[in-house]
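This report refers to the structure that appears directly beneath it.
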Amino acid sequence: MRSRFFLASAAFLAVLLTVPASASGATVRERLGTYFATWYSSVPGTHVVATETREVTVPGFSAWRIVRRPDSESATREGPEESSLALYDAARDEVFLGEILHDPDRLKAGKPFDRAADLPNLTVSLEQLFGLPVRVELAGAGARAALLPMAVLIRQDKDAYAKRQGFLSADGASLLLGEFCPLSQGLAAWREKLLAERPGIRVETGRFIATEFLDFQCERCKRRTPEGRLAVREHGGALETRFLPLVKQHEWSYAASECAAALAAASVPLYGRFEEAVFARQEGMSAAAARELAADIADAGGARAAYDAEISSGRARDRVLADIDLAVRIGAHGTPLFVLDGRLVPGQRGFLENALILSHGNSSHGNSHGKPVPSSTPAAPASAPGAPSGKNRP
Amino acid sequence: MTSGRDRGAALALLLALAIPVACGRGERSGTISPEKTSSVGAPSSAPGSAGTPAPPAESVESVDVAVRPKRPAGGSPPVIWIGLDGLDWEIVDRLAAAGKMPNWKRLVGEGWSTRIASFMPVLSPIIWTTIATGVSPETHRILDFQEVDPKTGQKVPITGRSRRVPAIWNLASAAGKKVGVVGWWASHPAEEVNGFFISDHASPILYEKLPLSGVAYPSALEAGVGQIVARDGRVGAEELARFVDVPRPEIEKALASGQGMENPVVALARILGATRVAHRSARDLYDRNLPDLTMLYIEGTDEVGHVFASDTPPRLACTPDEEVARYGHAVDDYYAVVDRMLGQWLRRAEEDHATLIVQSDHGFKWGEDRPCERSSMNWSTAAYWHRLDGVFAAWGERVRPGRGSVKPTMFDPAPTVLALLGLPADRTMPGRPISAAFRNLVAPARTDQFAHVTVRRVAAEEMSAAQASEYAKKLLALGYLSGSEARPLAPTGGAEPGMTEGAWNNLGLYERETSGNLRGAREAFEKALSLRPDYHSPMFNMAVLDRMQARDGEAADWLFRSLRAGHADPPGTIRQWITEYDRLKKPAAGLAIADRALKEYPASEDIVREAAFARFRAHDCAGALAAAGPLESTAKSPQTLNALALFDTCVGRRDDAARLFQRSLALDPNQPGVVQSLRIIQGAAPPKP
């Protein structure tokens, strides 16, 4: 019989604000509650509670269930269930952000992980989880004694595998897909740090950088990418582009991303032309047509050799895979998705614009008469606990 | 976020399902068992020939004949060409992966397949005639579902008489090849070929209860066709209960109601019946005649989507639970029927060393791109459910296995089939053989084929006004026609059928979108409007044409005229129009549209919101608020409240914005963007200088 790895929870979606460094005297429970509350507490009439749990048992770590609850017991509020698991590493003061697959039966059985017998079953389970072919790579011992570092390679295209880092518990009962992050560092700052490590495609420059993850086959991306770029520019910033091809739903989006990455490396303006052309022809596009289009644009721009080199060397592929990896790490799952000051901003119309006005002023959206419009109530406090750092990427 | 237990359970279920699916792989498809089949042309000996036809003991797709006549050795290998309307890769990939289309899986696994590009306008009679002739609509002139009776001006179903060029079947027949054609669009009356020909009027979807006069060549086949229609075309409640989860009495009531395609149960019965009629006729006649070229068209693969796509997995948020529960597996089960039929054709191709080609005229939206806001059954929005990319697949000894990276067009299959048959193509055919799919395919010689081939048709009874009206009603129910398009025109005179205003409009669309002949497009739209001055579609098309030619004032006039005349989805249309001007970097033109929309539709929440957004994008936050502000007390849509909140933020009224976002959240709690915005408003530092 196949062993089953039960997926326990996704904990790393959308926790937004910088959390103040370890509040003196605060318990782990309180700190975790504050850490995750920065997302949940904005829902009116609710608060977030962290409760230690034994749903997952990994030696050396405490497990916590994070739940959003109504403020009053009698209050009921409709909405999606919001509950997740978190692992806390007290020795390093780090919290695990990611998905946890856990098999309580296996834990009870107390069998050690047998690479030869268990790895194929693990691979099958992961293929079913992701809906795509996967390979699993297990490393030797890592920095944490109870956890073996591992990587899941998820097929995006021929010879193109996106990597998800993770850990396997020594008993094989728990599989962790994700990474440990300092509890003292808020997610916004952490995301900004990750994004700054490797810049996206920047067709223009500005006082600050916002990021968009896009999929060339997504209909909303076609509309929102130019709108988002314009909105960011109007506030003095620049929008950088990263790729998140949703290959399970979109058959040519990976190919288009790879071509786009190659063009951008050869010449950023050529990338701009490609983006516009792909979106304009989205309805009738295919992988072959996207490649042909990119090659034509490279030809016309005198950059064919450079473009070909990016493709044949695998550099374009690696750039797309790195973007996918980054998207997963910061919690981006759909497209279009914007990242502004470390916050994930959904792609629907208006939300990026709203966040831009609040965070970066209303430089170009003045009212038509040039007069301030009075607020009906006093403005919000100048600062609030856990506000984003506001640091801009170079 | 999902709860851990739910996702764990889902994973466990996946693992549990893996075993039966794997077991199913070993089964051989296309089961062959003895069967006494009815045969076209043998009405007296077939069961059910007297009185009310009994439902078939076993359906045609379930049981194949045990023994078939052998095709004589020698000669060029035959071609079996099956047209499946609206077949789309997304649905066949899903069903093949789920084990519900094993024959399709075999066909693409062992054969060659690719996406095939369709063209605008994506309408079946137009595209299937291009597929069958290899030439453009402006040449073949099948441009609508209807044509005009030259004597009465009555609109009647489109016939082959409107076609101005011979089809592949005529060319092959004239070259001495044996030909069999069943059900091809716009092929009535039956054409005289070296073989057999069953016109599209045998289909119970659109032509139920119409006379079968002229439906078959040789005419002696008519009686047998009638018998097959009566037997295989009739699907009873017991069988339908396997496709839908609807109480049996309700199914019986629907079937007895006299309702048409607007009733899903009746529609399914007709779709299934028509599919079986086409398949049974083609299969039986194929076995008796063993043609060199067989062409079979099945309409149901598209129709079933128009009726049930919104009920089909993956679940659409806009579909009520009750509908999903009743009709959620109808499409899967119908496609399984089609797959069994494909299995029978694979068997014939294998036994007769034939090349089997399966293709569609366009794709269909089966995924998250299904347009919730646009009905698949409404005349004005049905086409939004079509995708431009269709399916092309070939299987047989001459086929080079693989998945094609080239994307052929609808002009390419005709010269491909001629090349497979070793026949020349006409010089006017713009397509090229799809050589990547075949081993050693020699491009056909180009000659003036059309000029030397005469098309002869059998005599057919004229359709009465009442019958034509019945046909028009069915087209309406399927979303192909608007009410105005059913109205008669002035008699055109002469012997040839005239073109409807819809045909002129479609010709204009083809010229504008596919040929790039803008002058020709304008003339065609003007002709459509001269025939029907209140026809909104050519008005809208004129608007697009004027916009393409930078005549923005005229474009706006045509746009609002078309909306007043009934063009679909005014808010969405206005939004797209403004967005397009943004794309064209003409914001002033977009703003002019927005201001005019505010004047013309002051009570429409959706339109006012779109117009206000246009002002916001033009950096006029106060103007946006002034436009949308009156909606605040009555707004019913979270989108409107979110927009108002944005405008409030923009003018510095953060607390008002927060209040509006909270109202929005109360209407729809599942809005992460709103939660996010609230959080920023409540905790944000002041904007940077």
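With respect to B:Ala657, determine if the residue is assigned to a helix (DSSP H, G or I), touching an Asp or Glu at 6+ places or on another chain (Cβ under 8 Å) and either crowded, with 23+ Cβ neighbours inside 10 Å or within 11 Å of another protein chain (Cβ to nearest Cβ) (or both). Give the steps one after another, and end with the answer.
Working: assigned to a helix (DSSP H, G or I): yes; touching an Asp or Glu at 6+ places or on another chain (Cβ under 8 Å): yes; either crowded, with 23+ Cβ neighbours inside 10 Å or within 11 Å of another protein chain (Cβ to nearest Cβ) (or both): yes.
Yes: the conditions hold for B:Ala657.
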Conditions (1) modelled with pLDDT under 95; (2) under 18 Å from B:Ile158 (Cβ atoms) -> B:Trp504 fails only (1)
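When only residues in the stretch B:312-326 that are buried (at least 17 other Cβ atoms within 10 Å of the Cβ) and more than 24 Å from B:Pro102 (Cβ to Cβ) count, which is modelled with the lowest pLDDT? Explain how you work it out, then say what you get.
Of the stretch B:312-326, the ones buried (at least 17 other Cβ atoms within 10 Å of the Cβ) are B:312, B:316, B:319, B:324, B:326.
Add one more test, that the residue is more than 24 Å from B:Pro102 (Cβ to Cβ), and what stays is B:316, B:319, B:324, B:326.
Numbers: B:Leu316: 78, B:Thr319: 84, B:Val324: 92, B:Arg326: 95.
Selected residue: B:Leu316.
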A:Arg329 vs (1) modelled with pLDDT of 85 or more; (2) within 11 Å of another protein chain (Cβ to nearest Cβ): all pass except (2)
Within the stretch B:391-409, the residues that are crowded, with 20+ Cβ neighbours inside 10 Å, part of a strand (DSSP E or B) and among the small types (Gly, Ala, Ser) are B:Ala393, B:Ala394
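Table: residues versus (1) over 30 Å from B:Gly493 (Cα atoms); (2) out of contact with any Asp or Glu (no Cβ under 6 Å at 6 or more places or on another chain); (3) surrounded by fewer than 23 Cβ atoms within 10 Å (Cβ to Cβ).
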{"site": "B:Asn103", "(1), (2), (3)": "yes, no, yes"}
{"site": "B:Ile126", "(1), (2), (3)": "no, yes, no"}
{"site": "B:Gly153", "(1), (2), (3)": "no, yes, yes"}
{"site": "B:Pro204", "(1), (2), (3)": "yes, yes, no"}
Reported set for the stretch A:165-217 where residues are surrounded by fewer than 23 Cβ atoms within 10 Å (Cβ to Cβ), out of contact with any strand residue (DSSP E or B) (no Cβ under 8 Å at 6 or more places or on another chain) and within 14 Å of another protein chain (Cβ to nearest Cβ) is A:Arg207
Checked B:Glu191, B:Glu239, B:Glu262 against criteria (touching a strand residue (DSSP E or B) at 6+ places or on another chain (Cβ under 7 Å) and charged (D, E, K, R)); the one match is B:Glu191
* Asked: Do we find a residue being closer than 15 Å to B:Trp184 by Cα, β-branched (Val, Ile, Thr) and in a helix (DSSP H, G or I) anywhere in the stretch B:162-170?
  -> yes
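Just to confirm my filter: which helices (runs of 4 or more DSSP H) fall fully inside the stretch A:218-302 and include at least 3 residues that are surrounded by 19 or more Cβ atoms within 10 Å (Cβ to Cβ), among the basic types (Lys, Arg) and out of contact with any Pro (no Cβ under 7 Å at 6 or more places or on another chain)? Break it down stepwise before answering.
Working: elements: A:219-234, A:253-266, A:268-280, A:287-300.
The helices (runs of 4 or more DSSP H) meeting that bar are A:219-234.
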Of the residues in the stretch A:23-42 that are in a loop (DSSP other than H, G, I, E, B) and touching a Lys or Arg at 6+ places or on another chain (Cβ under 7 Å), the one that is modelled with the highest pLDDT is A:Ser42
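Being more than 30 Å from B:Ala521 (Cα to Cα) and part of a loop (DSSP other than H, G, I, E, B): is that true of B:Lys177 here? Quick ask: steps written out before the conclusion?
Details: more than 30 Å from B:Ala521 (Cα to Cα): yes; part of a loop (DSSP other than H, G, I, E, B): yes.
Yes: the conditions hold for B:Lys177.
Against the condition basic (Lys, Arg), in contact with a Lys or Arg (Cβ under 8 Å, 6 or more places away or on another chain), within 10 Å of chain B (Cβ to nearest Cβ) and more than 16 Å from A:Arg198 (Cβ to Cβ), how does A:Arg349 come out, does it pass?
Values: basic (Lys, Arg): yes; in contact with a Lys or Arg (Cβ under 8 Å, 6 or more places away or on another chain): yes; within 10 Å of chain B (Cβ to nearest Cβ): yes; more than 16 Å from A:Arg198 (Cβ to Cβ): yes.
Yes.
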When every residue in the stretch B:105-119 that is within 14 Å of another protein chain (Cβ to nearest Cβ) and among the small types (Gly, Ala, Ser) is compared, the one surrounded by the fewest Cβ atoms within 10 Å (Cβ to Cβ) is B:Ala117
| said: Being modelled with pLDDT of 95 or more, surrounded by fewer than 19 Cβ atoms within 10 Å (Cβ to Cβ) and within 13 Å of chain A (Cβ to nearest Cβ): is that true of B:Ala643 here? | reply: no
For helices (runs of 4 or more DSSP H) lying entirely in the stretch B:264-374, having 3 or more residues that are without any contact (Cβ under 8 Å) to a residue 40 or more places away in the chain picks out B:264-289, B:321-327
For the stretch B:211-255 the number of residues that are surrounded by fewer than 19 Cβ atoms within 10 Å (Cβ to Cβ), of a type in the set (Ser, Thr, Tyr) and not in a loop (DSSP other than H, G, I, E, B) is 1
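In this structure, is A:Asp103 within 24 Å of A:Ser62 (Cβ to Cβ), surrounded by 17 or more Cβ atoms within 10 Å (Cβ to Cβ) and either among the acidic types (Asp, Glu) or modelled with pLDDT under 85 (or both)? Walk me through it before giving the result.
Working: within 24 Å of A:Ser62 (Cβ to Cβ): yes; surrounded by 17 or more Cβ atoms within 10 Å (Cβ to Cβ): yes; either among the acidic types (Asp, Glu) or modelled with pLDDT under 85 (or both): yes.
Spelling it out, A:Asp103 is indeed within 24 Å of A:Ser62 (Cβ to Cβ), surrounded by 17 or more Cβ atoms within 10 Å (Cβ to Cβ) and either among the acidic types (Asp, Glu) or modelled with pLDDT under 85 (or both).
Just a yes or no: is a residue in the stretch A:317-326 within 14 Å of chain B (Cβ to nearest Cβ) and part of a helix (DSSP H, G or I)?
Initial filter on the stretch A:317-326 (within 14 Å of chain B (Cβ to nearest Cβ)): none.
No, there is no match, as no residue in the stretch A:317-326 is within 14 Å of chain B (Cβ to nearest Cβ) and part of a helix (DSSP H, G or I).
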Requiring at least 2 residues that are under 27 Å from the mean Cα position of the chain (by Cα), the helices (runs of 4 or more DSSP H) wholly within the stretch B:536-618 are B:536-548, B:552-565, B:570-583
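The values are calculated or read from the model by the stated rules, or taken from the named source; none is laboratory data. Nothing here was measured: the structure is a model prediction, and the numbers come from that model. Every residue, glycine among them, receives a Cβ derived from its backbone with ideal geometry; neighbour counts consider all protein chains shown.
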